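Reading through the structure tokens given below for one structure.
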Amino acid sequence: MNLRIVGAILKKDIRSLYPLVLLATILFAGDVILMRLDVTTVWPAFRTPVLILAGIVLVLAVFQLDSAASLVDDWLCRPVPRAELIVAKLVLLFVVLRLSQIVATLIIQPLLGASVAETVQRALLGLDPDAVALLPLLMFTALVTRTLVQGFGVLLALFICAFAIPTPFVTAPGPLQPGIGTALIPAGLDWLSYVPSTLAAFMLFGIACWLVYWRRRTRVGRALLVVAMLVMVVLMLLPMWLLPWKPVYAAQTALTPPHFATTLDTGAIYLRSLRTCFTATYVRNLADDSGFAEARRAVGVAAWTREDQAESGPDSVAFLTSIEPRRLPPDWRVGLIYVEAGYFAASSLTPLYSLRPTSYHTEDGSLSHAWVLPEHALRRLGSEAKVELKLRYYLTLLEPHQFRLRTDGRRQAVPGLGYCRAKLDSTGSHIEVNCFSGLDHPAQVSVELEDIPASRVYGLPNYAPGWARWPFGQKLRLSIGSPRLSRSDHITVTAWSLAGYLDKSLVLPGVLGSDSGTCPLPSSEGQRFQQAVWRDTAKHQTSSIGVDQGVQLEILDFGGQGSPILLLAGLGATAHSFDELAPLLTPKNRVVAITRRGTGYSSKPDFGYDTPRLAQDVLQVMDALELEKPLLVGHSIAGEELTWLGGHHPERFRGLVYLDAAYDRSQLATMKSRQNALYARLSPEPPIPPEATRNYEAMSKLFADRGHVRLPEGEIIAMWNGDKPFLAGMPRMDARTAQAIMAAAEAPNYAAIKLPALAIYAIPDPRKALPPWYDTSDAGLMAALTELGRINAVAQRKNIELFRRSVARGEVLEMPNATHWLIQSNQQQVLEAIETFSLTLKDQ
Amino acid sequence: MIVETRGLTKKFGRFEAVEDLDLRVPEGAVFALIGPNGAGKTTTIRVLMNILQADRGDASVLGTPSRRLAPNDFQRIGYVSESQKLPEGLRLEHYFEYLRCLYPAWDHALEKQLRGQFELPPERKIRHLSHGMRMKALLVGALGYRPRLLVLDEPLSGLDTLVRDEVVNGLLQQAADTTILISSHELAEIESFTTHVAFMQNGRLLLQEAIEGLQARFRQVHVTLSAVKELPQPLPQGWLLPAVEGHRLLFITSHYDGDEPLYQELARHFGAVRMECEPMSLRAVANALMQQRKRNSAP
């Protein structure tokens, strides 16, 4: 390689094109600087077409300076060594397109406070994969065209062929279509499209160089360009359109083998359905069936395509499945690659009918999908005596690596991920997180408000192996909503690594989750269950009181005469918890119950769940209702409001009654992981069968059978969507809100309480029967139960002692053989305790 | 032979630009390739330079088949074309700097001398050069390394007389050491220094020959006849474009071998005649050949 000649050609090219070279260099370097500094919104809107245009013009101009397609160029009859010529062109392109960016990054990143390691990684590894994929095609075009106009014309033609023609064929997958479609992308497998296609493009470009410069075969070169275009399109579409999932999955598992410790027991992991019967309706009713639509939104299934609906016929059945994996290692989760479903006649090996889902949703641990069963398949299944549905999931196993990131806008090094910074955006409505991964290759990244895992936001997964990702680095931008749910100045960033693959199946009887008696096909009117049978018959007057900007709380006024009692419900529960207890108090007291913000029929804002604000809500209600010095009675989490109000506003209350509520919840974080692991080990409660949702009697019978405390009908409706057959059992509270309230819990300042206070503690019955679904022969389960019982007993004892010691005018009542829902399970005892306590207050 | 082609054929679609060409350029010659526009001269030269590839036949340049001409072979070949595309934005001095790097045998002194002789402004950009200056610059760019073969495709077209003379002088200075292949449609400007000439028309080679030989054997003949006679049939060999007007006969002979034999031949056909022979310019020869060809191909 004669470097002198390379240098001479470079000099000639730069001198010939210096205005363009200068402009392009400034453009590409300036782009880096403007994007990093984030000073203007104009540039990000325009940058992509401008950079693409500049890149095209530059590449075409550089190659066409010494065009191989020309008959009159000077270099044709000069001793210009071909290799040196190509090297000089590539060097010039590299300097303008890439080196400019590297230098700009090396300058600007340290000024923004990045470390040396991060700066170097960003500079060298920040390639844009789309640009790298298109560059060989662009250079190829420059090779075989003579003028800029010709070059643009060819590019336009290629663009039309590449996008306009195949695009109608690449859609989201339908149940009756072959291929995978764009579902490849959320499954993190799109690297199988990009990488082979890009490699092929580079190879073909190399061949073209040889053909056109050495062998002077321009016509063959042009033909090869068309071939290259076709090859790229085919390779990009192949995994999406032409191949079914199985070979794609096989390629993924072969090329990206897992790394996890062999001590991990994947055999213990199993799948279970979250509902007894799949939510189902006929395709012709999809537009009118609001219950189905609500259920679909609740599990987060994305919208369906019209083609799916049209193809299957109006008498096809659309249904939703929700499956969760159990016995994963603590905090781990699964990512979905694909799922297949098949209906089998009992113990047959070949399916009667196979299904592919019409849409995917895999974010939070539960694998929810929508399916369509066409009419003809339905008839076929109907003719069989016994059918079962086998769902087979191909999953990735993801291991978390968590990191606490300050939300002060400064970048920090996150191990296993790269570099991140987080900041509240200017409107205060989001926390913006920007991350850069250079040398690390997490399979997925998620961010969440600290201690509020339900607020978690995920980036797209990427299961490409390290060798396919290293030159690109990865830039990630995520946005967490409702930042005011958390008072912390940190967020949690999790880097998920691909620990392995899981291939798990679940077999369910019948067509829709259970036998046809339990789970019949949708009725012809589109409704399966009568809804009118659920009523809230408790004696209360409902009203709503505004306590904050746009926040209304549900108030239940049970009436009554005498000194007022104010009732506060537990976490996620509503004022209806007291539907049965409250009327028993009304003979001697005026009784009012409040539903805290975030649950039931109260407003559900995304702020204000810290204890002082919740306490202020209570005071607002008292002012609005003109309640004078009520007795404040709180259940479970209401203990937080009670302690705060008792300490800060004793003059407003007569006294406090804690119904299994006086606990120090601030320490939960430290105990959390052990307890979580133990709770995860317990067998999950089976889902609520549809018969139980018919009416309150049926539901109460189910509760009794399962050993639960019976809840008032109003509470079941308000908190558990009892009256909605498709949603029964799903809490009406946003998990984020519950977690926000728990995260805001502080160590109780009992010493500040100068009011009389009664703390009732529910001591569980050690001989109480285990739930019927527990397998007493499961040693692991029994051990977990025992340990949990011990941990809880110790914690309870500590809290009882703490209350006794610290509250000056405190009284403790230990209620044996009680449950946490003592207002139902030990109603009479609670009633007497409150009345007795209330009398003592009168004497003071 | 420095350049040799055998049966060279090149088609563009259905149009035959060059048909069955057998060209032979001896070493040391100044070889003129003459023909009207569209005769196939540029195509022939491009095939020789491996800018195009022939469909049939072969060509060899400096002993190498033209298809195999490697970049290094061009150290000994110079090429100047009227339509050559140069790096337009480059200044002349930078262009020569670039050329110097490419040619180890570049003679800097010669370059300086020629640039002075041609009065080429070094700091001017190539796109701002007049046509004449451009051709002069191209010539310097082809002469600077003293090539063994210099191929010039219509170098003199569009130049004014003064510049043309400059260029021709510049060429002549090299004629002793270099074989020159020059194409043109304008004969007069080059016949003074060419040694060999080839005529092309419609892709075919009409003739190729050393000039002396050509000038020796072509004569324009005016004959005064004693009576009105008819042209002898068949036409004697070498007679071109014969025309009879009353007592006068005009024709061109391409087989002139001296006055005597010609007179004898005329006497044989026409009896006593009066004969006048004039030597012909190259242009006249070319025109005659082309006209004859047209006549032959007309139905």
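Averaged over its residues, the range A:86-157 has an accessible area of 42 Å² per residue, based on protein heavy atoms and a 1.4 Å probe. Helical content of chain A, expressed as a calculated mean residue ellipticity at 222 nm, amounts to -12000 deg cm²/dmol (DSSP H runs of 4 or more residues, -39,500 (n - 2.57) each, divided by residue number, nearest 500). A simple spin-label model places the labels of A:Asp265 and A:Ala131 5.1 nm from each other, with each point 7 Å out along Cα-to-Cβ. Buried surface between chains A and B: roughly 2500 Å² of accessible area, summed over both sides, computed with a 1.4 Å probe on protein heavy atoms only.
For the range B:99-143, accessible area lost to neighbouring protein chains reaches 20 Å² or more, against the chain alone with a 1.4 Å probe, at B:Cys101, B:Leu102, B:Tyr103, B:Lys125. Which percentage, to the nearest 5, of the DSSP beta bridges contained in chain A is antiparallel? Percent antiparallel among DSSP bridges in chain A is about 80. Summary of the geometry: the range B:50-84 and the range A:443-491, compared by the centres of their Cα atoms, lie 62 Å apart. Report, in degrees rounded to the nearest 10, the 0 to 90 angle that the Cα long axis of helix A:611-625 makes with the longest principal axis of chain A. Value to nearest ten degrees: 50. Here, P(r) means the percent of Cα pairs in each 10 Å bin from 0 to the largest distance; for the range A:363-414 it is 14, 26, 20, 16, 10, 11, 3. Just check the range A:764-844 against the gyration tensor rule for me: Cα atoms, a ≥ b ≥ c as the square roots of the eigenvalues, rounded for a/c under 1.5, and otherwise prolate or oblate depending on whether a/b exceeds b/c. Here the range A:764-844 falls in the oblate category. What the range B:97-195 shows is 39 Å² of accessible area per residue, with the surface traced by a 1.4 Å probe over protein heavy atoms. Taking every protein chain into account, the accessible area of the range A:13-73 amounts to 45 square angstrom per residue (probe 1.4 Å). Evaluating kT/(6 pi eta Rh) at 37 °C and 0.692 mPa s, with the Kirkwood radius of the range A:555-609 over Cα pairs in the Stokes-Einstein relation, gives 284 µm² s⁻¹. Given their separation in residues at 0.36 nm each and the Cα-Cα distance between them, A:Val220 and A:Ser426 gain 68.5 nm when the chain is fully extended. Ignoring any ligand, DNA or RNA, what whole percent of the accessible area of the protein assembly as shown comes from carbon and sulfur when the probe is 1.4 angstrom? Ligands and nucleic acids excluded, carbon and sulfur give 57 percent.
Compute the helix-to-body angle for A:129-144: its Cα long axis versus the longest principal axis of chain A, expressed 0 to 90° and rounded to tens. Value to nearest ten degrees: 20.
Annotation for the range A:624-681: GluC sites (Glu not before Pro) lying in DSSP loop with at most 16 further Cβ atoms inside 10 Å of their Cβ are A:Glu626, A:Glu628. Taking amide hydrogens as placed 1.01 Å from N in the peptide plane, the amide H of A:Val387 sits under 5 Å from those of A:Gly510, each at least 5 positions away in sequence or on another chain.
A straight chain from A:Lys504 to A:Arg379 at 0.36 nm per residue would run longer than the Cα-Cα distance by 42.2 nm.
Residues whose amide H lies under 5 Å from that of B:Leu152, counting only those 5 or more places away or on a different chain, are B:Val80, B:Leu181, B:Ile182, B:Ser183; hydrogens are built 1.01 Å from N in the peptide plane. Since only A:Ser505, A:Leu424, A:Pro247 are under comparison, the one whose Cα sits farthest along the positive direction of the charge dipole of the protein assembly as shown, derived from C-beta charges on Lys, Arg, Asp and Glu, is A:Pro247. Measuring heavy-atom accessible area with a 1.4 angstrom probe and counting protein chains only, the residues of the range A:7-29 that give up at least 30 Å² relative to the chain alone are A:Ala8, A:Lys12, A:Arg15, A:Ser16. Annotation for B:His255 and B:Asp107: the two label points, set 7 Å from Cα along the Cα-Cβ direction, are 4.7 nm apart. Cross-link check: pairs B:Lys11/B:Lys112; A:Lys89/B:Lys112; A:Lys539/A:Lys724; B:Lys85/B:Lys112; A:Lys11/A:Lys475 evaluated at a Cα-Cα cut-off of 32 Å; pairs beyond the cut-off: B:Lys11/B:Lys112; A:Lys11/A:Lys475. For an R0 of 56 angstrom, estimate the FRET efficiency from the Cβ-Cβ distance between B:Cys277 and A:Thr48 and round to the nearest 0.05. Result of the calculation: an efficiency of 0.10. Residues of the range A:33-74 that bury at least 20 Å² of accessible area when the other protein chains are present, relative to the chain alone (probe 1.4 Å, heavy atoms, ligands and nucleic acids excluded): A:Leu71, A:Val72, A:Asp73, A:Asp74. B:Arg6 contributes about 140 Å² of solvent-accessible surface, heavy atoms of the protein only, 1.4 Å probe. Per residue, the convex hull spanned by the alpha carbons of chain A comes to 190 Å³. Cβ distances below 4.7 Å define possible disulfide partners, and in the protein assembly as shown the cysteines left without one are A:Cys77, A:Cys161, A:Cys209, B:Cys101, B:Cys277.
Heavy-atom accessible surface of A:Met730, to the nearest 10 Å², is about 50 Å², with a 1.4 Å probe and all protein chains retained.
The values are calculated or read from the model by the stated rules, or taken from the named source; none is laboratory data. Note that the coordinates shown come from a computational prediction; the quantities given were computed from them, not determined experimentally. Backbone-built Cβ (ideal geometry, glycine too); neighbour counts: all protein chains shown. These area figures cover heavy atoms from the full protein model, side chains too; ligands, DNA and RNA do not enter into them. Shrake-Rupley method; radii C 1.70, N 1.55, O 1.52, S 1.80 Å.
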